[in-house]
1. 5 Å is the cut-off here: which amide hydrogens, built 1.01 Å from N in the peptide plane, fall below it relative to PHE54, excluding neighbours closer than 5 in sequence?
2. Report the rotationally averaged projected area of region 42-133 based on its alpha-carbon convex hull, in square nanometres.
3. Under the Kirkwood approximation for Rh and a Cα-based Rg, what ratio Rg/Rh is obtained for region 88-149?
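Each value in this text was obtained by applying a stated rule to the coordinates, not by laboratory testing. In this text, all values refer to a predicted model and were calculated from it rather than measured experimentally.
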Amino acid sequence: MKPVKTNKNGNGDMFPSLLSDFFDTDNFFKRPWFEKELGHSLPAVNIKENGKEFDVEFAAPGFKKDDFKVNIEENVLTISAEKKDEKKEETDRFTRKEFSYNSFSRSFTLPQTVNSEKIDAKYIDGILRLCIPKKTETKALSKKEIKVA
């Protein structure tokens, strides 16, 4: 139940103010339909770790594999995608032009244990999957004598 708003006279207002709803930008811009219409929704991500790798999956249907960019800079992995679609229909009586734009960008700081040189990315059936292998651990030698030549 919504609280009753009062006006200057102190009388209760039974109907919410249309102006306050319209200008209440915090609530307006947080609506899910607004985010999706502007293409600012982020894909769901699953991250699994096992002894030898990290498996990262992005649910990103509607893209093509060429729409994705996967970059690593200073140990930060950034996955982004951008898709533009434009349709134009012309007849003698009218012209209709429709377009859409969708994009996202996600960044993750990689742990020091990953081998960033061997990351593999595949996009199949709306799922972008990254396989990020871990570095093989080298065992520290307890003691070794090195001969001087």
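1. ILE132, LYS134
2. Numbers: hull surface 28.5 nm².
So the mean shadow area of the Cα hull is 7.1 nm².
3. Details: Rg = 26.5 Å, Rh = 18.2 Å.
Rg divided by Rh gives 1.46.
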